[in-house]
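Written below as structure tokens is the structure these notes are about.
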Amino acid sequence: MTSASRVGGDRIALKTLVGPNGDAHVYEPKPADAIALAGADVVLTNGLELEGFLDRLITASATEADIIILTDGIEPREEPGGGHYHFIDGQAIFHAGAYDPHARQSVANAKIYVENIVGAFCAADADGCEAYTANAERYLGELDALHTEIIERVAALPEDRRTVVVSHNAFGYFEGEYGIHFLSPQGVSTESEASAADVGGLIREIRDQNAGAIFSENIADTRLIEQIATEAGLPISDVLYSDALSGPDGAAPSYIAMMHHNAQAITTGLAAN
């Protein structure tokens, strides 16, 4: 369940373009997506260049919907090197961008998303504004509890056991908010295979920074992270959810479930190794 569905409840008909375990960076829109946009009253976007396909799709659809950028009001993190890599099907794919688009990895930022959603829905459906506001207030309370939970989980870890390795650089806002340091093969290689020297450099960084756990991601190719885990002598602890939720039967079918799972997996992995 998305934040939009939590706020909108049964007053909205929600169409999600990039579904469970999907990667918005590389999504290829379908004709049905243009039709959906053409008939929409509101189009919600992450912004910060996460959905590279969306500007073209909006133009092609000729939609008259209000286009709402959910990261408006968030202080964005600059992307080191002007972008980041995903490793997909063995290929290192570079996603250019001045700013890190993964803002929802901080619960404080997710609350700003909710406020932007309420404003958009109230503007489009004034009669429903009271319901949208009430739904949001309940949801914001749950987000406050989630934020406290994550802080408490991390605080229980020794300060020298707060570094992990992930597939790509999608957790910068989590790091800034909660104090877990993430290493990733971002920029390790622009080729389909990272060289032995590339991996060796990352392994040294893992050891120098006493990284305590390694995680794969639901949207990423696992081959490189498996190689890194083998070289570092650490097992892959769990799967983290970065750019997309899971399906309804998975570990992260909603935003709150995603953040709860990630925080639990990270802190459990660090405590165990």
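The values are calculated or read from the model by the stated rules, or taken from the named source; none is laboratory data. All of these numbers come straight from a predicted model, not from anything done at the bench. Backbone-built Cβ (ideal geometry, glycine too); neighbour counts: all protein chains shown.
Within the option set T16, T2, being touching a residue at least 12 places away in the same chain (Cβ under 8 Å) and either surrounded by 15 or more Cβ atoms within 10 Å (Cβ to Cβ) or not β-branched (V, I, T) (or both) holds for one residue only, T2.
For region 33-74, a residue qualifies if it is of a type in the set (V, I, T), within 23 Å of A110 (Cβ to Cβ) and in a loop (DSSP other than H, G, I, E, B), and the qualifying residues are T71, I74.
Would you say F171 is without any contact (Cβ under 8 Å) to a residue 24 or more places away in the chain, assigned by TED's automatic domain parsing to the domain that holds A257 and closer than 30 Å to E231 by Cα? It is false that F171 is without any contact (Cβ under 8 Å) to a residue 24 or more places away in the chain, assigned by TED's automatic domain parsing to the domain that holds A257 and closer than 30 Å to E231 by Cα. Take the residues in region 234-273 that are in a loop (DSSP other than H, G, I, E, B), touching a residue at least 60 places away in the same chain (Cβ under 8 Å) and in contact with an Asp or Glu (Cβ under 9 Å, 6 or more places away or on another chain), then tell me which one is nearest to G22 (Cα to Cα). Here the residue is A244. Only one of A229, A211, A220, A194 is aliphatic (A, V, I, L, M), at pLDDT below 90 and farther than 28 Å from T2 by Cβ. Can you tell me which? Going through A229, A211, A220, A194 in turn, the sole match is A194. Residue selection: A257 fails the criterion of being at pLDDT 95 or above, in contact with a Phe, Trp or Tyr (Cβ under 8 Å, 6 or more places away or on another chain) and outside the structural domain of Y27 (by TED's automatic domain parsing). Is it the case that region 113-120 has a residue that's touching a Leu at 6+ places or on another chain (Cβ under 8 Å) and at pLDDT below 95? No, because not a single residue in region 113-120 is touching a Leu at 6+ places or on another chain (Cβ under 8 Å) and at pLDDT below 95.
Per the conditions (1) surrounded by 13 or more Cβ atoms within 10 Å (Cβ to Cβ); (2) at pLDDT 95 or above, the sole criterion not satisfied by D127 is (1). Which condition from (1) modelled with pLDDT under 95; (2) under 17 Å from Y241 (Cβ atoms); (3) of a type outside the set (A, V, I, L, M) is the one that D89 breaks? Among (1) modelled with pLDDT under 95; (2) under 17 Å from Y241 (Cβ atoms); (3) of a type outside the set (A, V, I, L, M), D89 violates only (2).
Inspection of region 239-261 identifies no residue that is under 26 Å from L50 (Cβ atoms), surrounded by fewer than 19 Cβ atoms within 10 Å (Cβ to Cβ) and among the β-branched types (V, I, T). Looking only at region 197-208, count how many residues are in contact with an Asp or Glu (Cβ under 8 Å, 6 or more places away or on another chain) and modelled with pLDDT of 80 or more. Count: 1.
Taking first residues from region 215-233 that are in the same structural domain as F182 (by TED's automatic domain parsing) and partners that are among the charged types (D, E, K, R) and in a loop (DSSP other than H, G, I, E, B), the Cβ contacts under 6 Å between residues at least 6 apart in sequence or on separate chains come to I219/D23; I219/D243; D221/D89.
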